[in-house]
Amino acid sequence: MNGRIALFCLSLIVLSGCWGAKEIDHIDYIHAIGIDYEEEKDELIVYAQLISFTGLAKVEAGGQAEKSIVSIGKAKGETFNVATDRLYETFQRQVSWGHLKGMIFSERALKKKNIQDVIDVLSRYNEVRNTLWIYATNQPIRNVLQTVPLLNYSPYYSLLANPEDIFKQSSFISPIRLHAFIAATEEKAKTVYLPSLSVDKKNWGEKEKKKDMLKIDRVCFLHAYKLKACVKREKLNGLRWMTAKTKRTPIYIKKDDKTVASLVVLDPKTNISYKIEKGKPLFTVNVSTKGTILEMREALKEKELISLAQKTVQQEIESLFQLGLEKNVDTLNLSEALYRQNPKQWRKYAKNGQIPLTEDSLHQVNVQISIETYGKSKQEEKR
């Protein structure tokens, strides 16, 4: 009898630990936030994207996706903390920040260096993880946050929250997590590449209607938390060769302004060397990689094919450097290369944390590409 009473009391103690627990659908989960700036009132505008996790378990188990529902909240304040506190005034349930996956800054907010204040607040809040993805945008933040993936999938699977898989398959503009962004921005000599999201309205459709889709179409360059410039994707072909995380990227080979072949290269390796000549540092960029032919529209010998591919990469890097001179941005991170290799020399030549660059600062670009295969066909006759 005494044993039964003891067992009953023990069961009450164990069960009592669950009485204060919240059901998953009784909590509002903030999935992404956006930060904009209103110059007239000198106020920050904070957007919060709420998503439901109810249907995720069904999808993970192979079930049919439920229709995605996204709710967007908006509040203003003199500071980021004031604005987020005002969001709480209209929440209907308990709020969780523990599943925050992405953060978007408008270019207006970046110009006012609001990014540093926002990061400072988030770093003090233990629910927020430093692994969230960080972006810029030049479009209305509400439009970006309202865009959901194809096939009714949850925004949990969107480009905003899961950019790595796409980047590994087709590397161009590398996504960046908050902790990596902070570490890079704190480096004295480094220029940080911040990807910029936009909404594409042309390429996809559902039920004979245009379907809005997210894409990364620009890069914002920052140094010491200061916005230097934001540039469209089509002007940044050389950026992929300066990004260590690049895994797989195509090269379109032209001859007489006509595309004659395309190849895909894997894991390109880039290093930067320097020399001091006539009292200034001159830099050499070295790129090496291996490629596979995907398309041949014209019969080319392997030697000519490699030569054209190497010339393409060289021109892309030189073009990126020239863009940096126009925008007063160290797009190739030449200053960081000198800082890493010889801090003493960097301190001698640097001004405001960067090496002043001129037309002859990029001394040389060397590119080495080898062709591993011609796809399924060996095409030995073209060697």
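The values are calculated or read from the model by the stated rules, or taken from the named source; none is laboratory data. This one's a predicted model, so the numbers in the text were calculated from it and none came from an experiment. Quick reminder, even Gly has a Cβ in these numbers, built from the backbone with ideal geometry, and neighbours come from all protein chains shown. Just so you know, the surface numbers come from the protein's heavy atoms only, side chains and all, with ligands and any DNA or RNA stripped out. Shrake-Rupley method; radii C 1.70, N 1.55, O 1.52, S 1.80 Å.
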Share, in percent, of DSSP beta bridges within the chain that are antiparallel, nearest 5: 70 percent
Mind checking the dipole of the range 102-145: about its Cα centre, +1 per Lys or Arg Cβ, -1 per Asp or Glu Cβ, Debye to the nearest 20? 140 debye
Ignoring ligands, DNA and RNA, how do Glu318, Glu234 rank by accessible area with a 1.4 Å probe, largest first? Glu234, Glu318
How much accessible area per residue does the range 66-126 have, in Å², with a 1.4 Å probe? 59 Å²
Gaussian network model of the chain, Cα within-10 Å springs - most flexible of Asn286, Asn352, Asn237: Asn352
Whats the longest run of the chain with zero chymotrypsin sites (Phe, Trp or Tyr not before Pro) that are DSSP loop and have at most 15 other Cβ atoms within 10 Å? 205-383
Work out from phi, with θ = phi - 60° and the Karplus expression 6.51 cos²θ - 1.76 cosθ + 1.60, the ³J(HN,Hα) of each residue of the range 141-157, listed in order in whole Hz, and give x for Gly and Pro. 4, 4, 5, 5, 6, 7, 7, 10, x, 5, 6, 6, 6, 5, x, 4, 9
I need the shape label for the range 179-325. Rule: rounded when a/c is under 1.5, else prolate if a/b > b/c, else oblate, with a, b, c from the alpha carbon gyration tensor. oblate
Rank Ser170, Val264, Ser154 by how far each Cα sits towards the positive end of the charge dipole of the chain (+1 on Lys, Arg Cβ; -1 on Asp, Glu Cβ) and give me just the farthest. Val264
Net charge dipole size for the chain [Lys, Arg +1 and Asp, Glu -1 on Cβ; Debye, nearest 20]: 820 debye
Any DSSP H helix in the chain with Cα axial reach of 27 Å or more and mean Kyte-Doolittle score of at least 0.5? Listed by number, the hits are none
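With r as the distance between the Cβ atoms of Asn138 and Lys255 and R0 = 51 Å, compute the FRET efficiency 1/(1 + (r/R0)^6) and round to 0.05.
0.90
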The range 76-136: GluC sites (Glu not before Pro) falling in loop per DSSP and having at most 16 other Cβ within 10 Å: Glu78, Glu89, Glu127
Pairs Lys112/Lys235; Lys258/Lys311; Lys112/Lys211: which are spaced more than 22 Å apart, C-alpha to C-alpha? Lys112/Lys235; Lys112/Lys211
What does the C-alpha gyration tensor say about the overall shape of the range 70-212? Classify as rounded when a/c is under 1.5, otherwise prolate if a/b is larger than b/c, or oblate. oblate
Within the range 266-335, what whole-number % of the accessible surface is contributed by carbon and sulfur, with the 1.4 Å probe and all protein chains included in the calculation? 45 percent
Only Cα pairs within less than 10 Å get springs; with that Gaussian network setup on the chain, which residue of Leu110, Leu266, Leu151 has the largest fluctuation? Leu151
By the Cα gyration tensor axes a ≥ b ≥ c (a/c under 1.5 gives rounded; else a/b larger than b/c gives prolate, otherwise oblate), the shape of the range 97-166 is oblate
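For Lys348 and Ser370 in the same chain, what is the full-extension length gain: residue separation times 0.36 nm, less their Cα-Cα distance, in nm? Intermediate results must be reported in sequence, preceding the final value.
Numbers: separation 22, 0.36 × 22 = 7.92 nm, distance 3.89 nm.
Gain in length upon complete extension: 4.0 nm.
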Fully extended contour minus Cα-Cα distance, from Val121 to Ile27, at 0.36 nm per residue: 31.6 nm
Give me the distance between the Cα centres of the range 79-145 and the range 167-246, rounded to whole Å. 18 Å
In a GNM of the chain with a 10 Å cut-off on Cα contacts, which of Asp257, Asp330, Asp200 has the highest mean-square fluctuation? Asp257
